[in-house]
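The values are calculated or read from the model by the stated rules, or taken from the named source; none is laboratory data. Model, not experiment: these values are computed from the prediction. All Cβ positions, even for glycine, are placed from backbone atoms using ideal geometry, and neighbour counts span all protein chains on display. The accessibility values were calculated without ligands, DNA or RNA, using every heavy atom of the protein model including side chains. Shrake-Rupley method; radii C 1.70, N 1.55, O 1.52, S 1.80 Å.
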Amino acid sequence: KVQQYTLIIQATDMEGNPTYGLSNTATAVIAVTDVNDNPPEFTAMTFYGEVPENRVDVIVANLTVTDKDQPHTPAWNAMYRMTGGDPTGRFAILTDPNSNDGLVTVVKPIDFETNRMFVLTVAAENQVPLAKGIQHPPQSTATVSITVIDVNESPYFVPNPKLVRQEEGLLAGSTLTTFTAQDPDRYMQQTSLRYSKLSDPANWLKIDPVNGQITTTAVLDRESIYVQNNMYNATFLASDNGIPPMSGTGTLQIYLLDINDNAPQVNPKEATTCETLQPNAINITAVDPDIDPNAGPFAFELPDTPASIKRNWTIVRISGDHAQLSLRIRFLEAGIYDVPIVITDSGNPHASSTSVLKVKVCQCDINGDCTDVDRIVGAGLGTGAIIAILLCIIILLILVLMFVVWMKRRDKERQAKQLLIDPEDDVRDNILKYDEEGGGEEDQDYDLSQLQQPDTVEPDAIKPVGIRRLDERPIHAEPQYPVRSAAPHPGDIGDFINEGLKAADNDPTAPPYDSLLVFDYEGSGSTAGSLSSLNSSSSGGEQDYDYLNDWGPRFKKLADMYGGGDD
């Protein structure tokens, strides 16, 4: 109630005689030190909260307490603990250091179908015990009622993963197994689950969307690249129609048992030996994709036909998987020979195949090395060499096509760039092609009558008297141009050209006419008058044109006309 007392003390001598005694005062400040004499007390007897199922790390209830001791001291700080109602430890209570409240938190998932409600009993006490002599109980208790909310949960497959053992070779359309899931939401109104395929690397399976029955769509093959250690994995999906819809996945593991469905093959496919009897052994190996007991040991033998095979060759098994092929005769001509070898495995029933071994027989030196490999290789190409040649040809064709496409694209880009440039803005020295070669005024299909006879468009009142502009072809007899003979002598070409030039110069009917060419009619009555009164000879009479003689033969004519003096 009172944290501090301030006292004023007065002292008086002469036994406190107020008349003759002298006195003085002093101040005494007494601070009351708090002790834990008040335990925390809950503000309510019951607290309520709710939490969705399967949620963790969420606060579901806030517990409030009061404590009359000094705040933020050990006598005021509250500690909360669970005293009942949580045997599996799904809840925890933390203390808020600022408000001293207790925060009830979910630390483990809660299943609605298992527990719909929790009633917890909690106690609160201080960090330090109560002081001696205090009659209050050291702690306060309350009840926390927590309701679990049902939510839509994902269905789950049982078991997951599911293992099925099956022999390979199961035909398409066969029933393999049934893989179903369960919906944990027993109290929700939902229809049955729907199934679908999520992952099937080899596309061998399909699942019925209603009952989860799995059937094959292709033959199961243990030797497939999608099978690892005889195990094939496929993943399926189960979905409900809740709000929101939920789904769960399950893995089906198929352990494929081997059957003898593969015949052994010879390895390698090609070998080289000498044309003489010694040394000529070729080591070969049988390869079978199957596993025991459908693989080795293998049996090696040569076929009866053609007869030349057993006559020229012999084969001996040296181990369960290996054999040696050698010449039976002393000499075999160099070349390439196809030797068929029959290989049989140990399966039940047995599987066998005839593999062809391509043997290159060659001349050898004393060390057993071929000395005429080039000649034998030229006699025939192996499969690898043919494949390499075909690949080179395909690559070359692709490069040629890419080059052609690149050239066409570059031409299109160049044309596009040219179209973007305005010819008037192009400052480069280009040759402009117009494709127009007009031959003069007679080649122009224009009506010049309006320009030649302007009086037809002007009224008589404003037409000047006695003025008429004409640009008409003179009426004269057309001269006879020289005709060149069909097969002239090469020496008369110059004479023919000169005669034709002279005839054209003397032809008054040939354009351009020696007359006034009217390009545009600008009306009559110009205030400037006529320019015909200007005399060009008188205007330049005082000019000295003798320097034209120094300008070369091109100006000789001008020099003769103007630089010759008065003549």
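Below are the figures for this structure:
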item: Heavy-atom accessible area per residue - segment 31-113, 1.4 Å, Å²; result: 53 Å²
item: Label point 7 Å beyond Cα of LYS358 along Cβ direction - residues of segment 329-352 with amide nitrogen under 15 Å; result: 335-340
item: Kirkwood hydrodynamic radius of segment 251-401, Cα pairs, Å; result: 17.6 Å
item: Hz values of 3J(HN,Hα) by residue in segment 257-265 - Karplus curve (6.51, -1.76, 1.60), Gly and Pro given as x; result: 8, 6, 10, 7, 10, 9, 8, x, 10
item: Charge tally in the Cβ shell below 12 Å around GLU125, where Lys, Arg are +1 and Asp, Glu are -1, GLU125 excluded; result: -1
item: Built amide H within the under 5 Å cut-off of ARG328, gap 5+; result: TRP313, THR314
item: Amide H contacts under 5 Å for PHE157, placed H, 5+ residues apart; result: GLN182
item: Inter-label distance, nm, simple model (7 Å from Cα along the C-beta direction), SER326/HIS350; result: 2.4 nm
item: Cβ-Cβ FRET estimate between GLN182 and ASP338, R0 fixed at 56 Å, reported to 0.05; result: 0.35
item: Theoretical gain in end-to-end length, ILE366 to ASP560 [0.36 nm per residue, Cα-Cα removed]; result: 59.2 nm
item: Over segment 33-179 - Rg/Rh using Cα atoms and the Kirkwood inverse-distance radius; result: 1.33
item: Integer Hz, Karplus 6.51/-1.76/1.60 couplings in order for segment 119-131, x for Gly and Pro; result: 10, 9, 10, 10, 10, 10, 8, 7, 5, 10, x, 5, 5
item: Label-to-label distance, nm, for residues given as ASP208 and ILE393 (7 Å Cα→Cβ offset); result: 5.5 nm
item: For segment 218-232, Karplus couplings with θ = phi - 60° (6.51, -1.76, 1.60), whole Hz, Gly/Pro x; result: 8, 6, 6, 10, 5, 7, 5, 5, 8, 9, 10, 6, 6, 10, 10
item: Nitroxide proxy distance, nm - points 7 Å out along Cα→Cβ at ALA416 and THR43; result: 7.4 nm
item: Surface share of carbon and sulfur [accessible, 1.4 angstrom probe, percent] for segment 41-149; result: 54 percent
item: For ARG55, residues with placed amide H under 5 Å, excluding near neighbours; result: ILE110
item: Extension gain (nm, one decimal) between ARG116 and VAL404, 0.36 nm per residue minus Cα-Cα; result: 96.0 nm
item: Accessible area per residue, Å², segment 156-257 with all protein chains present, probe 1.4 Å; result: 54 Å²
item: Segment 265-362: antiparallel DSSP beta bridges as a percent of all, rounded to 5; result: 85 percent
item: Mean Cα-pair separation over length for segment 232-390, i.e. relative contact order, pairs under 8 Å, 6 or more apart, %; result: 23 percent
